[in-house]
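Structure first, then comments.
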Amino acid sequence: MFRSIQTRLALTYLVLAFFTVLVLGGMLQRTITRYVVSGSEDDLIAQGREIARVVVALPQKAEENERMDTLLRLAAQVTKSTLVLIGKDGVVVAASRDPTKIKGERVATPVVQQAMESGKPEKTTFTDPFGEFSVIVAVPVRTAKGVIGAVVLFRPVSAVRSSSNQVGAYVIRGSLLAAGAALIIGFLMARTLSKPIKEVTEAAARFAAGDMGQRVPVRGDDEIARLADTFNLMSSRLQALVSRLSHERSRMTAVLSSIVDPLFAIAGTGEIIFSNHAGRKLLAEGVEPGDFKSSIKDQNVRGFVERALSTSESLAEPLSLSETDHFVATSARFEDEGPGGAVVLLRDVSQERRLDKLRRDFFSSVSHELRTPVTSIAGFLEALLDGVVKGEDEQRRYLEIINDETRRMNRLIDDLFDFAKMESGQMGYSMEPMDYRSLLRDVFEQMNPLVSAAGIKMEIDVDAGLPEIQGDRDRLRQVLLNLVDNAIQWTSEGGKITIEAGLAGDHIRTLIADTGTGIDPADLPRIFDQFYKAGKRLSGKAGGAGLGLSIAKHVVEAHGGAIWVSSELGKGSTFGFDLPVIREG
């Protein structure tokens, strides 16, 4: 109830006002009482002097005492007090009240003695002879012969106090009215003071809850107004700071999320506080990022994270998640108010290792492919030069072998040049409208002698009226030659190669099928990769460097087409590709 500053301020005003009015009322009542008592004393002294002159004028005889009593009773009614006439010897001569009771009594009151001795009126307050606490005034009775007695007037203090009590009642009522007014005024003033403070408090609470746009109105130029102005300034600066930090965090998150390698930020407690898209792929399925021990599914990665969190040094270790997935794991510690943590990055080196292996295989293959024809050519030339070969027919056979091996080396070197151009993006194309059907016929006629020499049958089936295509005739010839040559290498004697072409929608579809050994299903996904050679070719067949199919894929895609392969072990393979036709209009 009293937690509100408005209530406390209102009650403070009420208590202060009440005690202030109470103290002032008490002081006022005391002052009024003194004033009334003082006025009563002066009034009694004046009345006593008048009575003393009357007493002096009356005969001073004993038989006159009853008349004196009557006089004093009348005077008592007028003065509203009790009167007693005392002789010089201090004995009561007459009284306005119970004269028979106190006549003849000696009054040794100091005020009476002082009045008769000094000849001047004296006053005091004490219990009178009638048992009441009264204001007492003693006025000496003087004659030519001197002081012959004193008139003593008694006025009860209760009568005097009735006036002051009435004043006190007014004071109490005034105090209550003042307290009520103080309560209302205090409440209004407290509300005026507490309202801006309440606004600042509520705004601060909403600000703490995340609403950074909070502002409070500034009223006046006092301390509370300056508090509101300071709050608004603080709010503006904090909002700008939070906005800037939010932008920085967004940019940092975007940068980290764009990293293609798995990345984790892990607190010292083991909780994963950040992971990018690649990192989340290493988490167990259906598990939200939490403790890394239960979230990261690979044991090798968990072990590296444990080592990264247990040391203050940066780590760099190779990690293999499978036979084909290889990483270099690096870590960096970070410190904060808690136990700190570590950032772990798994750099994927699988492609690099694969390319390194492909390059090693390529150099080995190229060395082998070049060494074989070079050795063959050198051997046959040496035999010819030494004259070992006799007869024109045998010499011609040797020269044909040298010519075949030379062409084989030329094809290999051409593939290497094409690969270099393809890698550097400098493989140029001379695109022009062309009759694709005639190109297929040319390739068939060019390769037919080779096919026949290998003891293989080759057939061609091309739809009549194929539309023209936009292409580079020499590059497309190279694709067809590579595919037919590849079919020859994988087809045994007595086999068959078929070339088919027909319209498929707005594309010309070409299929080159063989009845060879087929391709292992494990090799199919990589059959068009650079330097990749599937299985082993048939005995006696010369292979290449694993670039022919890769170059064919690049050329077909450069023409806006697509290439694919289907195969079944022991039954043969079919390579197909689509080329877009020239659209009219």
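The values are calculated or read from the model by the stated rules, or taken from the named source; none is laboratory data. Given the structure is predicted, the values throughout are model-derived calculations rather than measurements. Counting neighbours? That spans all protein chains shown, and the Cβs are built from the backbone with ideal geometry, glycine included. The protein model used for the area step is the full one, side chains on, heavy atoms only, and it has no ligands, DNA or RNA in it. Shrake-Rupley method; radii C 1.70, N 1.55, O 1.52, S 1.80 Å.
Report every pair of residues separated by at least 6 positions or lying on different chains whose Cβ atoms are under 6 Å apart, first residue within the stretch 258-271 and more than 12 Å from ILE296 (Cα to Cα), second in a loop (DSSP other than H, G, I, E, B) and open to solvent by 40 Å² or more (accessible area, probe 1.4 Å).
As it stands, the answer is GLY268/PRO339, since those pairs meet every condition given.
Give the stretch 197-219 a look and list any residue that's in contact (Cβ under 8 Å) with a residue 40 or more places away in the chain and either of a type in the set (Phe, Trp, Tyr) or open to solvent by less than 50 Å² (accessible area, probe 1.4 Å) (or both), or say none.
If the condition is that a residue be in contact (Cβ under 8 Å) with a residue 40 or more places away in the chain and either of a type in the set (Phe, Trp, Tyr) or open to solvent by less than 50 Å² (accessible area, probe 1.4 Å) (or both), then no residue fits.
If only one of ARG408, ARG371 is assigned to a helix (DSSP H, G or I), loosely packed, with under 11 Cβ neighbours inside 10 Å and at pLDDT below 80, which one is it?
So the residue among ARG408, ARG371 that is assigned to a helix (DSSP H, G or I), loosely packed, with under 11 Cβ neighbours inside 10 Å and at pLDDT below 80 is ARG371.
Rundown of residues vs (1) part of a helix (DSSP H, G or I); (2) in contact with a Gly (Cβ under 6 Å, 6 or more places away or on another chain); (3) at pLDDT 85 or above, yes/no style:
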site	(1), (2), (3)
GLY387	no, no, no
GLU400	yes, no, no
ASN403	yes, no, no
MET422	yes, no, no
GLY428	no, no, no
LEU450	yes, no, no
ASP461	no, no, yes
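Just give me the residues in the stretch 494-509 being over 60 Å from the mean Cα position of the chain (by Cα) and either open to solvent by less than 20 Å² (accessible area, probe 1.4 Å) or among the acidic types (Asp, Glu) (or both), in sequence order.
GLY495, ILE497, ILE499, GLU500, ALA501, GLY502 - these are the residues of the stretch 494-509 that are over 60 Å from the mean Cα position of the chain (by Cα) and either open to solvent by less than 20 Å² (accessible area, probe 1.4 Å) or among the acidic types (Asp, Glu) (or both).
Give me the strands (runs of 3 or more DSSP E) completely within the stretch 254-323, filtered to those with at least 3 residues that are within 22 Å of GLN351 (Cα to Cα), ordered by residue number.
Passing ranges, in order: 315-320.
Looking at the stretch 313-349, which of the residues that are polar (S, T, N, Q) and at pLDDT 80 or above is most open to solvent (accessible area, probe 1.4 Å)?
Among residues in the stretch 313-349 that are polar (S, T, N, Q) and at pLDDT 80 or above, the one most open to solvent (accessible area, probe 1.4 Å) is SER314.
If you check SER246 against the conditions, is it closer than 30 Å to GLY341 by Cα, in a helix (DSSP H, G or I), modelled with pLDDT under 75 and not aliphatic (A, V, I, L, M)?
Criteria not met by SER246.
Name every residue in the stretch 474-493 that is open to solvent by 50 Å² or more (accessible area, probe 1.4 Å) and hydroxyl-bearing (Ser, Thr, Tyr), in order of residue number.
Passing the criteria: only SER492.
State all residues of the stretch 247-257 that are open to solvent by 60 Å² or more (accessible area, probe 1.4 Å) and either touching a residue at least 24 places away in the same chain (Cβ under 8 Å) or among the hydroxyl-bearing types (Ser, Thr, Tyr) (or both); if no residue qualifies, say none.
Answer for the stretch 247-257, where residues must be open to solvent by 60 Å² or more (accessible area, probe 1.4 Å) and either touching a residue at least 24 places away in the same chain (Cβ under 8 Å) or among the hydroxyl-bearing types (Ser, Thr, Tyr) (or both): just SER250.
Output the number of residues of the stretch 91-108 satisfying the condition of being without any contact (Cβ under 8 Å) to a residue 40 or more places away in the chain, assigned to a loop (DSSP other than H, G, I, E, B) and not charged (D, E, K, R).
3
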